[in-house]
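Written below as structure tokens is the structure these notes are about.
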Amino acid sequence: MILFLSDVHSRYEVVDRQVAHAEQEIGEPVSDVLILGDFGLFEPFLKRYFRRQGQHFLRPTHFIEGNHEDFDHFERLVERYRDVIDYLPRGTVRQIAGTPTLALGGVCYMDAHTTPRRAEIREADIARCLAHPTGSAEIILSHDCPAGIGVLNQSGFEHYGPPGFVGAERILDHFHPRLWVFGHHHRWFDRTLDGTRFFGLPQSWFGCAALTADGELHRIEHVPPEKPRPAFPLWRWFGKGKGQPPAL
């Protein structure tokens, strides 16, 4: 069983809590965890949890980047913590639990506060996806949603225009995936169009989704009994540090 989570925002302890709950709820073991962006790749929190506390995830855990990662030191942190989490680069196809899966981290550009330039999905990223053979991925992972599938803006974000990134339609035409899973918008979304099921996830501490061995996707709403403490101190929210607030 594959478990999908999104928007962890450095609250790493939530991952294992959702794994344990999903295994109990579904009755199958989790083979892999896929985190769909905003994992929270920031050195102070990584070091505290994985080195000082000596924690490791219960199951093999992979992630794509969102817009809330430390892009100034991204490659170094990916390498330094590769023993605890596996990065899926943009435009790569990997076999996850026997299923060919395309990774496309990043987002559509919004503004410099919520979207560092390195987080933006660019034409070169789309081209890397399209370089794979037609139909060679059954599942697509992204942080942002494809444009035009019906995801609505949250209140207060209307001035950014319709959600989603342009170019996704070419990826859809190329792969015709059965499932496209995304996060970023912090709420559930479930719609099937032309044979592809688009599934959006909330923040990780509100729930997850499980793809079972029979190919069924299960929505699992679950708030762990112990609320995770905010990963980002308030003083970081106002530009005094490199952390980012737990927002879109």
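The values are calculated or read from the model by the stated rules, or taken from the named source; none is laboratory data. These numbers were taken from a predicted model, which means no experiment stands behind them. With ideal geometry, Cβ positions are generated from the backbone for all residues, glycine too; neighbour counts draw on all protein chains shown.
Below is a table of values for the structure above.
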{"quantity": "Hits in the stretch 170-215 - residues which are under 13 Å from PHE4 (Cβ atoms) and acidic (Asp, Glu)", "calculated": "ASP190"}
{"quantity": "Members of the stretch 22-43 found to be part of a helix (DSSP H, G or I), in contact (Cβ under 8 Å) with a residue 24 or more places away in the chain and not hydrophobic (A, V, I, L, M, F, W, C), listed by number", "calculated": "GLU25, GLU43"}
{"quantity": "Matching residues, the stretch 71-96, being among the acidic types (Asp, Glu) and farther than 21 Å from ARG117 by Cβ", "calculated": "GLU79, ASP83, ASP86"}
{"quantity": "Selection count, the stretch 79-89, where residues are among the hydrophobic types (A, V, I, L, M, F, W, C) and under 13 Å from PHE50 (Cβ atoms)", "calculated": "2"}
{"quantity": "VAL19 vs. criteria of a type in the set (A, V, I, L, M, F, W, C) and in a loop (DSSP other than H, G, I, E, B)", "calculated": "no"}
{"quantity": "Residue under evaluation TRP180, criteria (1) of a type outside the set (A, V, I, L, M); (2) within 20 Å of GLY40 (Cβ to Cβ); (3) at pLDDT 95 or above, criterion not met", "calculated": "(2)"}
{"quantity": "The stretch 81-98, subset assigned to a strand (DSSP E or B) and of a type in the set (Ser, Thr, Tyr), residue surrounded by the fewest Cβ atoms within 10 Å (Cβ to Cβ)", "calculated": "THR92"}
{"quantity": "Residues of the stretch 5-16 classified as out of contact with any helix residue (DSSP H, G or I) (no Cβ under 6 Å at 6 or more places or on another chain) and either free of Cβ contacts under 8 Å to residues at least 24 places away in the same chain or not in a loop (DSSP other than H, G, I, E, B) (or both), total", "calculated": "3"}
{"quantity": "Selection count where residues are touching a residue at least 40 places away in the same chain (Cβ under 8 Å) and in a loop (DSSP other than H, G, I, E, B), scope the stretch 56-80", "calculated": "11"}
{"quantity": "Conditions (1) polar (S, T, N, Q); (2) over 19 Å from GLY200 (Cα atoms); (3) touching a strand residue (DSSP E or B) at 6+ places or on another chain (Cβ under 9 Å); number of the one not met by SER10", "calculated": "(3)"}
